[in-house]
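This report refers to the structure that appears directly beneath it.
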């Protein structure tokens, strides 16, 4: 059997042809929400009688839908989260988002400079996506092209959400570039047959274990400054 070619090393030369569509994850890519979300989730787990470390939370839950989080907690920690508990968590999350949530630095500038179609594909609910983008002033630059894991059968790391977004936007998977910050998201993009750039500029990216985990997924590029993205997509950065 012939040897399979390696994927490009992180931050290597860009792909041969420019994309027709950029698919942004939301949390940790467009908005700097992951530390808030993880803190709220860990608070809920403690109140529910469980114990999960911050490192475990980032490794197991980052980029996943709440349905996937509940499944992992049940299977690996024997912890069941009830619907009322989740409702309380969502209310707490909204309160913290309204007072603390910020866009990723340079995000608005980047969106204004893009010369290619873009959309959002997030594990969060559509209401949460719109809330996050509204609070941070990004919503009008991205709607109506917002896609949630609630629209597909399987969330990340399955490819369903990214493939759904590409179909809705009328673009072939091979012509898409996904911008992701989580191992689950990178796996989903690879499974969808899309190029993927790993973004490590969120405030949660200081976790060495997370950065190492992203590297093992072999993204096509890795970058920490969102302002670089338009030039990277054009093949000049």
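Counting the residues of the range 175-184 that are modelled with pLDDT under 95 and under 8 Å from the mean Cα position of the chain (by Cα) gives 2.
Annotation: of all residues in the range 190-204 being in contact (Cβ under 8 Å) with a residue 40 or more places away in the chain and touching a strand residue (DSSP E or B) at 6+ places or on another chain (Cβ under 9 Å), the one that is surrounded by the fewest Cβ atoms within 10 Å (Cβ to Cβ) is 201.
Scanning the range 119-141 for residues that are surrounded by 19 or more Cβ atoms within 10 Å (Cβ to Cβ) and at pLDDT 95 or above yields 119, 120, 121, 122, 129, 131, 132, 133, 135, 136, 138. Scanning the range 35-53 for residues that are within 15 Å of residue 99 (Cα to Cα) and touching a residue at least 60 places away in the same chain (Cβ under 8 Å) gives 35, 36. Within the range 1-29, the set of residues being at pLDDT 95 or above, touching a helix residue (DSSP H, G or I) at 6+ places or on another chain (Cβ under 6 Å), closer than 26 Å to residue 204 by Cα and part of a loop (DSSP other than H, G, I, E, B) comprises 25, 26.
The values are calculated or read from the model by the stated rules, or taken from the named source; none is laboratory data. No experiment lies behind these values; they were computed from the predicted model shown. Cβ: placed from backbone, ideal geometry, glycine included. Neighbour counts: every protein chain shown.
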